[in-house]
Amino acid sequence: MARKLYIKTFGCQMNEHDSARTADLLAAAKGLVLTEDPEEADVLLVNTCSVREKAQEKVFSQLGQWRPLKARRPGVVIAVGGCVASQEGAAIRARAPYVDIVYGPQTLHRLPRLLDEVERSGRAVVDVSFPEIEKFDHLPPQRVQGPSAYVTVMEGCSKYCTYCVVPYTRGEEVSRPLDDVVAEVAGLAAGGVREVTFLGQNVNAYRGASQDGAVADLALLVRCAAELEGIGRIRFTTSHPAEMTDSLLGAFREVPALVGHLHLPVQSGSDRVLARMKRRHGVSRYREVVERLREARPGISLSSDFIVGFPGETEEDFQATLDLVDAVGFDHSFSFVYSPRPGTPAAAFPDDVPLEAKRERLAVLQERLARGERAVAEAMVGTTRVVLVEGPSRKDPSMLAGRTENNRVVNFTGEPSLVGAFVPLVITEALPNSLRGRRVDSSSAPARV
Ligand code: SAH
Ligand code: SF4
Ligand code: F3S
């Protein structure tokens with residue numbers, strides 16, 4: 001009987017995508033079959049995140065749950081990957097000695113070999129190095145699963161915001177060559193993919209080598225992907241405000257396949273806080289970028305990440321964040337209480353905002369963001385939006401669900417043959433977590449909204 005693999009993933013889309021690629025790799029190289037049930041797995045893998053303390057702690061509670069499985073079946077292999085593994089390395093085994101493999105985000109392609117080594121020697125192995133970007137040359141082509149796919153175009157981050165672990169866990173920015181990425185997208189399109197999302201921690205810092213010896217930026221990559229037969233929609237995430245170049249603004253102006261939506265984290269609306277976070281831009285620069293984006297792509301939807309309670313954040317600073325939220329009118333966004341991370345510069349700043357104030361600010365901000373999000377949904381009612389049909393609706397399988405450019409799920413009535421197609425819908429109703437729509441005659445619909 002085929003041996004089974006169970007994967008638990010924490011963290012960002014890059015981690016989710018890494019896990020999917022890991023499953024493909026271990027299926028191809030070791031014949032391991034994915035299971036939903038850890039009880040029957042021969043290999044248990046946890047892909048970890050260390051961006052906030054809460055995420056990091058989940059790893060050890062997960063490992064604690066797996067420990068008895070291994071006690072019952074000593075042949076079971078337990079592997080820890082991702083950002084906690086990268087940061088802690090062999091120290092993971094000091095807290096959880098029953099872990100067999102510790103591997104990093106840049107060494108996951110070596111897993112088949114690491115598994116062989118454990119099986120041969122019976123000893124644990126740790127490999128959390130940052131080899132040059134060899135990973136993508138060693139992964140099998142990704143399996144097409146539905147009309148949307150993720151493509152990692154760069155790894156790492158060289159921005160070193162003072163609160164953030166990512167540059168330490170994922171290494172410096174390294175981009176894949178342009179032709180490799182375009183070939184991957186072409187392969188996905190041939191398999192039926194209609195929408196690609198380019199992934200990178202700082203994806204708009206993409207600088208990929210191109211065949212003629214030049215360096216391609218993200219705008220050029222977007223333009224190349226838009227030329228490919230079958231690709232109707234392109235997204236990218238996550239972007240840094242300081243990397244929003246004229247070239248990218250040009251892509252928003254001229255490439256209709258690039259969606260009218262951008263996740264552009266700002267973190268805070270106070271210049272003082274942004275400077276201490278070392279974000280490399282102030283509030284006025286952020287607002288200028290927003291203005292230029294809206295000029296390049298009227299109606300573009302913008303979302304953001306926020307951190308409240310950063311060391312030294314006063315009520316006045318926090319008020320400035322709320323003012324920015326009101327001024328920009330963000331779509332679905334994320335907000336977090338600051339979490340000091342060992343090894344980052346901000347961990348040495350006096351953490352002087354009382355816990356009560358942090359919690360209160362988070363609640364106020366989230367309420368304000370939710371209000372903005374509702375306003376965006378309500379303003380969509382009565383307009384025509386093109387959705388990419390993903391499959392049956394989760395709530396009512398007799399209906400279909402599609403996604404708008406700004407990532408809203410719209411449920412509507414239509415034939416199952418529409419899955420994978422772009423369909424214009426009139427938005428008829430805004431519900432708390434989704435929209436409802438009705439099909440319109442495509443000839444009367446605007447090309448894109
Ligand atoms: N590369 C992306 C995302 C980084 S992690 C970017 O630069 O925007 C995702 C989000 O987690 C960040 O945008 C930030 O809002 C949050 N985050 C990162 N480190 C944090 C910390 N130490 N405490 C609280 N939130 C944090
Ligand atoms: Fe972290 Fe800043 Fe890099 Fe984003 S840009 S990953 S927040 S260091
Ligand atoms: Fe977490 Fe690492 Fe992603 S720290 S957010 S899994 S890059």
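The values are calculated or read from the model by the stated rules, or taken from the named source; none is laboratory data. Nothing here was measured: the structure is a model prediction, and the numbers come from that model. Here the Cβ positions follow ideal geometry from the backbone for every residue, glycine too, while neighbour counts run over all protein chains shown. The protein model used for the area step is the full one, side chains on, heavy atoms only, and it has no ligands, DNA or RNA in it. Shrake-Rupley method; radii C 1.70, N 1.55, O 1.52, S 1.80 Å.
Does segment 168-191 hold any residues that are hydrophobic (A, V, I, L, M, F, W, C), under 19 Å from the mean Cα position of the chain (by Cα) and either within 16 Å of ligand 1 (Cβ to nearest atom) or surrounded by fewer than 22 Cβ atoms within 10 Å (Cβ to Cβ) (or both), and which are they?
Val174
Applying the selection to segment 315-351, what residues are of a type in the set (A, V, I, L, M, F, W, C), within 11 Å of Leu369 (Cβ to Cβ) and open to solvent by 70 Å² or more (accessible area, probe 1.4 Å)?
Phe334
Is there any pair with a first residue in segment 249-272 that is polar (S, T, N, Q) and a second that is at pLDDT 95 or above and within 16 Å of ligand 3 (Cβ to nearest atom) whose Cβ atoms are under 9 Å apart and which are 6 or more apart or on different chains, and what are they?
Gln267/Cys161; Gln267/Tyr163; Gln267/Ser304; Gln267/Asp305; Gln267/Phe306; Gln267/Ile307; Ser268/Phe306; Ser268/Ile307
Please go through segment 410-435 and give me each residue that is out of contact with any Asp or Glu (no Cβ under 8 Å at 6 or more places or on another chain), within 16 Å of Glu378 (Cα to Cα) and in a strand (DSSP E or B), ordered by number.
To start, the set of residues in segment 410-435 that are out of contact with any Asp or Glu (no Cβ under 8 Å at 6 or more places or on another chain) comprises 410, 412-418, 420-429, 431-434.
Narrowing further to those that are within 16 Å of Glu378 (Cα to Cα): 410, 425-429, 431-434.
Correct list: Val410, Leu425, Val426, Ile427, Thr428, Glu429.
So the check is Cβ under 7 Å with 6+ separation or different chains; which pairs have a first residue in segment 1-21 that's over 24 Å from Arg52 (Cβ atoms) and more than 14 Å from ligand 3 (Cβ to nearest atom) and a second one that's of a type in the set (Gly, Ala, Ser) and open to solvent by less than 30 Å² (accessible area, probe 1.4 Å)?
Lys4/Ala41; Leu5/Ala23; Leu5/Ala41; Tyr6/Ala41
Tell me yes or no: at least one residue of segment 206-218 is buried (at least 20 other Cβ atoms within 10 Å of the Cβ), within 16 Å of ligand 2 (Cβ to nearest atom), on the phi < 0 side of the Ramachandran plot and free of Cβ contacts under 8 Å to residues at least 60 places away in the same chain.
Yes, segment 206-218 contains a residue that is buried (at least 20 other Cβ atoms within 10 Å of the Cβ), within 16 Å of ligand 2 (Cβ to nearest atom), on the phi < 0 side of the Ramachandran plot and free of Cβ contacts under 8 Å to residues at least 60 places away in the same chain.
Can you find, within segment 76-103, the residue that is surrounded by the most Cβ atoms within 10 Å (Cβ to Cβ) among those that are out of contact with any strand residue (DSSP E or B) (no Cβ under 8 Å at 6 or more places or on another chain) and touching a residue at least 60 places away in the same chain (Cβ under 8 Å)?
Step by step, filter segment 76-103, then rank; the result is Ser86.
Give the residues of segment 228-242 that are closer than 19 Å to Arg176 by Cα and either over 18 Å from the mean Cα position of the chain (by Cα) or open to solvent by 30 Å² or more (accessible area, probe 1.4 Å) (or both), sorted by residue number. Don't jump to the end; show me each part of the working.
Applying the first criterion (closer than 19 Å to Arg176 by Cα) to segment 228-242 yields 228, 234-240.
Passing the criteria: Leu228, Thr238.
With respect to Arg194, determine if the residue is in contact with a Ser or Thr (Cβ under 6 Å, 6 or more places away or on another chain) and open to solvent by 20 Å² or more (accessible area, probe 1.4 Å). Don't jump to the end; show me each part of the working.
Details: in contact with a Ser or Thr (Cβ under 6 Å, 6 or more places away or on another chain): no; open to solvent by 20 Å² or more (accessible area, probe 1.4 Å): yes.
In short, no.
In segment 124-167, which residue that is part of a helix (DSSP H, G or I) and buried (at least 20 other Cβ atoms within 10 Å of the Cβ) is farthest from ligand 2 (Cβ to nearest atom)? Steps first, answer last, please.
Start the filter on segment 124-167 by keeping residues that are part of a helix (DSSP H, G or I), which leaves 135-138, 166-167.
Those still in the list that are buried (at least 20 other Cβ atoms within 10 Å of the Cβ) too: 135, 166.
Working: Lys135: 18, Val166: 4 Å.
In this case the residue turns out to be Lys135.
Residues of segment 50-64 being in contact (Cβ under 8 Å) with a residue 60 or more places away in the chain and open to solvent by less than 20 Å² (accessible area, probe 1.4 Å), which ones? Walk me through how you get there before you give the answer.
So in segment 50-64, the residues in contact (Cβ under 8 Å) with a residue 60 or more places away in the chain come out as 50-54.
Listed by number, the list holds a single entry, Ser50.
So, Val273, is that one within 16 Å of ligand 2 (Cβ to nearest atom), in contact with a Lys or Arg (Cβ under 6 Å, 6 or more places away or on another chain), of a type outside the set (Asp, Glu) and over 16 Å from Met244 (Cα atoms) or not?
Values: within 16 Å of ligand 2 (Cβ to nearest atom): yes; in contact with a Lys or Arg (Cβ under 6 Å, 6 or more places away or on another chain): no; of a type outside the set (Asp, Glu): yes; over 16 Å from Met244 (Cα atoms): yes.
Against the criterion (within 16 Å of ligand 2 (Cβ to nearest atom), in contact with a Lys or Arg (Cβ under 6 Å, 6 or more places away or on another chain), of a type outside the set (Asp, Glu) and over 16 Å from Met244 (Cα atoms)), Val273 does not qualify.
Would you pick out the residues in segment 104-113 that are open to solvent by less than 10 Å² (accessible area, probe 1.4 Å) and more than 20 Å from the chain's Cα centre (by Cα)? Please lay out each step first, then the result.
Residues of segment 104-113 that are open to solvent by less than 10 Å² (accessible area, probe 1.4 Å), as a first pass: 104-105, 107-108, 111.
Scanning segment 104-113 gives a single hit, Leu111.
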